[in-house]
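Below: one structure, written as structure tokens.
We did not get these values from a lab; they are worked out from the coordinates using the rules stated. Predicted model, so just to flag it, every value in this text is computed and none were measured. When we count neighbours, we look across all protein chains shown, and the Cβ atoms used for this are built from the backbone with ideal geometry, even at glycine.
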Amino acid sequence: MVNYPNWLMFARTPETENDFPRIIIYINIRLASLCFSLCKDIINHKDILLVSFFNNNDVFWLMNVYSDSFHMALKYLKDTKAYIHNLLIMTSDFNIQDSLWDPSFPHYSSISDDLLIIVDSFNLELSFPTNPVLTRYSDNVNDLNSVIDLMFLCSGSSKLNNHSIHPDW
């Protein structure tokens, strides 16, 4: 894990050797007055981070999810039925190829149904970037590049629904 001086880093501490977290949330230190806190008491999973913060006496939430090839994090979220009021954003690598968010992918994935049920339970909507780009580039010439990194925002948050993706390459 990399620490940057201008960023607060949130990562789950491993409980066992096999419990190493695969996700991190970075928050710019200019926002530190909002009192961010990692909330393992609500969601305790190695591939899900839930962070709360306060603004005008209200609590808000940010969630980062990594969904592995078995979609264990999505299964956990679906089974947990955690009610999180004021979840502003859920984002990360969902590892689901689907024509719903990737026009170049010709198929629908049934695992998308689970993701959309979870998203709906948190009152979130898929946010489409202003510059649609692929987010996964395959090393295998037989695999297509695709969109698997997604962002879901609080429904009706049109002021927030204006993001762009800056590829690392």
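Here segment 7-154 is treated with +1 on each Lys and Arg Cβ and -1 on each Asp and Glu Cβ, and its dipole about the Cα centre works out to around 420 debye. Its residue count N fixes a reference of 2.2 N^0.38 Å for segment 7-154, and the Cα radius of gyration divided by that reference is 1.08.
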